[in-house]
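Each value in this text was obtained by applying a stated rule to the coordinates, not by laboratory testing. What you are looking at is a predicted structure, and each value in this text was computed from that prediction instead of being measured. Here the Cβ positions follow ideal geometry from the backbone for every residue, glycine too, while neighbour counts run over all protein chains shown.
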Amino acid sequence: MNVFVKTSLAMIGATALLSLAPLAASAQEMTYPEKCKTAGMDMSKMGMSSGGDMKMGDMPMGDYQKATMEGMKLMHDDVVQGMMQKDPDVAFVCGMIAHHMGAITMSEAELKYGDDKAAKDMAKKVIAAQKKEIAYMTKWVEKEAK
């Protein structure tokens with residue numbers, strides 16, 4: 001290969017790697033948006049009131065919050081079970097399956113209770129993408145898990 005071709009390939013490779021750099025940011029480098037936080041909310045106080053209504057501290061939950069929180073509780077239990085697998089690869093995939101199932105639950109609640117067309121469109125895309133990934137990961141676990 002001549003010098004020009006080698007140099008061109010090196011430049012293309014470097015450009016490709018640099019374009020992927022933003023995608024490589026770890027979760028530790030990401031910041032949860034302030035607009036997503038609820039002022040004064042203490043997650044340790046989440047639970048059922050004596051009347052059977054779900055509450056977050058002193059804040060009662062609406063139907064949307066109840067639907068998503070029930071789904072999140074089920075997801076959390078499954079994530080914990082999956083992450084206890086001895087094989088790290090299997091644990092990761094099992095945890096991700098449960099995580100994606102939680103994303104579907106949240107998206108279904110958006111479709112049922114939400115009003116914004118763009119948010120509903122996002123929810124539909126999430127459901128479609130997560131179902132494909134769950135199917136792929138489930139197939140992998142059934143084949144690869146020891």
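Annotations
- Annotation for region 61-105: trypsin sites (Lys or Arg not before Pro) lying in DSSP loop with at most 15 further Cβ atoms inside 10 Å of their Cβ are 86.
- Cross-link pairs beyond the 24 Å C-alpha cut-off, checked among 86/132; 112/143; 73/112; 73/131; 66/112; 86/143: 86/132; 112/143
- Additional length obtainable on full extension of the chain from residue 143 to residue 118, 0.36 nm per residue less Cα span: 5.2 nm
- Scaled against 2.2 N^0.38 Å for its residue count N, the alpha carbon radius of gyration of region 65-146 is 1.19.
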